[in-house]
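To start, the structure under review is shown below, and the notes come after it.
Values in this text are rule-based calculations from the coordinates and carry no lab data. Keep in mind that what you see is a predicted model, and the values were worked out from it rather than measured. Here the Cβ is made from the backbone with ideal geometry for all residues, glycine too, and neighbour counts use every protein chain on show.
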Amino acid sequence: MSANPIDVQDFITMSDVAIQERIVAAKAALGDRLIILGHHYQREETFRHADVSGDSLKLSRSAANSKAEYIVFCGVHFMAEVADIVSRPEQVAILPDLAAGCSMADMANLANVERAWRELADVLAPDEHITPMTYINSAADLKAFCGRHGGIVCTSTNARHVLEWAFEQREKVLFFPDQHLGRNTGFSMDIPLDDMVVWDYDLPLGGLTPAQIKKAKMILWKGFCSVHQLFRPEYIDEFKKKYPETKVISHPESSFEVCQKSDYVGSTEYIINTIRDAEPGARWLVGTELNLVNRLHEQFKHEGTNVHFMSGTVSMCSTMFRIGPSSLLWVLENLLEGNVVNRITVPSVEAEQALLALNRMLDVSP
Ligand code: CIZ
Ligand code: SF4
């Protein structure tokens, strides 16, 4: 490691073109020691340098299966943690900007989840009656919590299979942090809305009565993704008045009302595959992050397919946006100098327990 890592400020005055050229050169010089992962929500100027693109789990698994020593994750913090957990010990996971978090993931933390578990113990023995289930959009210590309490992780692709498994273990599920993914998945499995209660982590006993907890099948953490809350059912109605032939497809982080009005609901991979495999020339209204929607539009417009964003307001994942080309270049040029900057390391006990919950998910996923 050289004495002084290159400062990110060194790139502030550099032109966009020069930054792009230097990323290409640094990537070539690092060769197969490096793999760059690009999440679907990543902005174009960064995304174009990705060796692999995908959702968080697909990306982490392809990195672990690669020869690369350095895994540079153009995504958000929890994704780089998953990459560190599932990769080999000699591989190094790097997040180009440490401020790239996920506001939804931050709505649940170990302190408030452990407090919920203690409070639930006043009503019923949680380790006997409740399976904790966390969305992959959560910190590694929450995945570890699920690992040591007989629980599991899910992604938006496998949430249904994982939820079935969770109910085979115990009769109730505590689902965090995204209430919408929990509710939309539970409802699609015929769990009535009345059997799903919301746990408000700012209130004692989640703002619920013991009777409500005893009756509930699912206890949904009061978390949400602000990007996906932007989508409104009225917008779908207005759009369909203008273009009645529209097919509506939404991510399950969107509200219940939006998902109910959608023809298809599924993860980013599902959205991409559904549009790709449909008859060319269709018109789509898509409820997920703007960078992905714009990319789909660009990709399929030559077939006469129209892909529209489900809002008149520009809304992107602002934390994902932080991984700009200059932070990618900063990381790569430091690697060339022998400096590892922004390494993401999950402590070993936590990683082991988190892996337990991730492996349970992989075992039950189709
Ligand atoms: O797991 C992911 O990558 C996220 C955040 C969403 C999705 O549906 O793929
Ligand atoms: Fe988190 Fe929402 Fe961004 Fe996804 S789009 S990473 S859930 S803030």
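General remarks:
- Calculation over all alpha carbon pairs of the chain in 20 angstrom steps from 0 returns a P(r) of 29, 55, 16, 0 percent.
- Build a GNM of the chain with springs between Cα atoms under 10 Å apart, and of HIS180, HIS77, HIS149 the one that fluctuates most is HIS149.
- In terms of its Cα atoms, the stretch 228-309 spans 32, 27, 18 Å along the principal axes, sorted from long to short.
- The amide H of VAL92, built 1.01 Å from its N in the peptide plane, has TYR70, ILE71 as neighbours under 5 Å, considering only residues 5 or more places off or on other chains.
- Considering only SER348, SER60, SER255, the mean-square fluctuation computed in a Gaussian network model of the chain, springs between alpha carbons under 10 angstrom, is largest for SER348.
- Relative contact order, percent, the chain [alpha-carbon distance under 8 Å, six or more residues apart]: 23
- Loop-resident GluC sites (Glu not before Pro) (DSSP state other than H, G, I, E or B) in the stretch 69-104 with no more than 12 further Cβ atoms inside 10 Å of their Cβ: GLU90.
- Among CYS146, CYS74, CYS225, the order by Cβ neighbours within 10 angstrom, fewest to most, reads CYS225, CYS146, CYS74.
- Each part gets one Cα centre, and for the stretch 76-119 versus the stretch 246-321 those centres are 26 Å apart.
- Within the stretch 222-261, the GluC sites (Glu not before Pro) that combine a DSSP coil assignment with at most 10 other C-beta atoms in a 10 angstrom radius are GLU245.
- Per-residue Cβ neighbour rank within 10 angstrom, fewest leading, VAL293, VAL8: VAL8, VAL293
- Using distinct alpha-carbon pairs, which all enter the 1/r mean, Kirkwood radius of the stretch 44-194 in Å: 16.6
- Applying the criteria of a DSSP loop state and at most 15 other Cβ atoms within 10 Å to the GluC sites (Glu not before Pro) of the stretch 273-366 yields GLU337.
- Of ASN109, ASN65, ASN294, the residue with the greatest mean-square motion in the GNM of the chain, using alpha carbon springs below 10 Å, is ASN65.
- For the pair the stretch 177-245 / the stretch 19-33, the C-alpha centres are spaced 44 Å from each other.
- For the stretch 272-327, pairs of C-alpha atoms spaced more than 13 angstrom apart make up 61 percent of the total.
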